[in-house]
1. Looking only at segment 194-215, count how many residues are modelled with pLDDT under 75 and of a type outside the set (Gly, Ala, Ser).
2. Which residues, counting only those in segment 216-247, are in a helix (DSSP H, G or I) and either modelled with pLDDT under 95 or surrounded by fewer than 18 Cβ atoms within 10 Å (Cβ to Cβ) (or both)?
3. Being buried (at least 19 other Cβ atoms within 10 Å of the Cβ), within 30 Å of ASN185 (Cβ to Cβ) and out of contact with any Leu (no Cβ under 6 Å at 6 or more places or on another chain): is that true of ALA31 here?
4. In segment 38-54, which residue that is surrounded by 19 or more Cβ atoms within 10 Å (Cβ to Cβ) and touching a Ser or Thr at 6+ places or on another chain (Cβ under 8 Å) is modelled with the lowest pLDDT?
5. May I ask you to list the residues in segment 37-75 that are closer than 20 Å to TYR232 by Cα, among the aliphatic types (A, V, I, L, M) and assigned to a helix (DSSP H, G or I)?
6. Show the residue pairs meeting these rules: Cβ distance below 9 Å; 6+ apart or different chains; first residue within segment 29-40 and more than 19 Å from GLU167 (Cβ to Cβ); second residue at pLDDT 80 or above and outside any helix (DSSP H, G or I).
7. Kindly evaluate VAL191 against the criterion of being at pLDDT below 95, farther than 25 Å from GLN21 by Cα and not in a loop (DSSP other than H, G, I, E, B).
8. If you scan segment 82-115, which residues turn out to be β-branched (Val, Ile, Thr) and part of a helix (DSSP H, G or I)?
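The values are calculated or read from the model by the stated rules, or taken from the named source; none is laboratory data. Keep in mind that this is a model prediction, so the values were computed, not measured. With ideal geometry, Cβ positions are generated from the backbone for all residues, glycine too; neighbour counts draw on all protein chains shown.
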Amino acid sequence: MTKYAHDEVLPFSGSGQDKKQQVADMFDDIAPKYDFLNRFLSLGIDVGWRKKAIKRLEKTRPQQILDVATGTGDVALMTYKMLHPEKITGVDISPGMLQMGREKITRAGLSEKIELRQADSAALPFEDNSFDAITVAFGVRNFQDLEKGLSEMRRVLKPGGKLIVLEFSRPRNVVFKGLYRFYMNVVTPGVGSLFSKNKAAYSYLNESARVFPERNDFIRILNRVAFKNTLYKPLTMGICCIYEGMK
């Protein structure tokens, strides 16, 4: 499997742990403030991004959906409310994030419809051809091995099933690019440090987004691991993109 620049970006340099464990520990630490900071730092725009990504599945009406890197279950909950499938399974490596997600799902009365499990994207605990659709929101850049994670998702996807990835990208407009860099380099780590007491986590999230293989580069990777009908759609002046592929 090919290694990429973002694979080498670590939350805590010099810790001696691999990226997978560092990412799990980082999200455990910021889990209590994660939802609040997502809304605050994106000015609420991230909610609209998620809705647009989920709408890409409306025509196919998937009934068994897997949400990888589910975190606190935002996409899983939104997907159920928009599509009403038979079952949504969310997986994540962070027990702290999963705990927050289970509490939200219980409050919503959806524990029978949405199940959250601790699992590694590089070794998904499901049979081949198990799911009609797979979603990943702001998670693929945290994979320790990007191609392995994408290959695993393709393995558990049914033939004809669709993968939807939502991920940060870098704006192309010269003026907006400068503002974006300032926001990501200065504002995001500063606010993250203020509210979560973990500046390293939000610095990592910025750095991993900065070097992630975006747009056509990510499409080439999806094609390399045998996804078909791949495409991407930039959102909000290119701050993030929806990626799509089919098995």
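1. Within segment 194-215, the first condition is being modelled with pLDDT under 75, and the residues that meet it are 194-202.
Subsequent filtering for residues that are of a type outside the set (Gly, Ala, Ser) retains 194-195, 197-199, 202.
Of the residues in segment 194-215, 6 are modelled with pLDDT under 75 and of a type outside the set (Gly, Ala, Ser).
2. Step one: of segment 216-247, the residues in a helix (DSSP H, G or I) are 216-224, 236-238.
The answer is ASN216, ASP217, ARG220, ASN223, ARG224, THR236, MET237, GLY238.
3. yes
4. For segment 38-54, the residue satisfying everything is LEU41.
5. Those that are closer than 20 Å to TYR232 by Cα, among the aliphatic types (A, V, I, L, M) and assigned to a helix (DSSP H, G or I): ILE45, VAL47, ALA53, ILE54, VAL75.
6. From segment 29-40, the pairs are ALA31/GLY71; ALA31/THR72; ALA31/SER94.
7. no
8. Correct list: ILE105, THR106.
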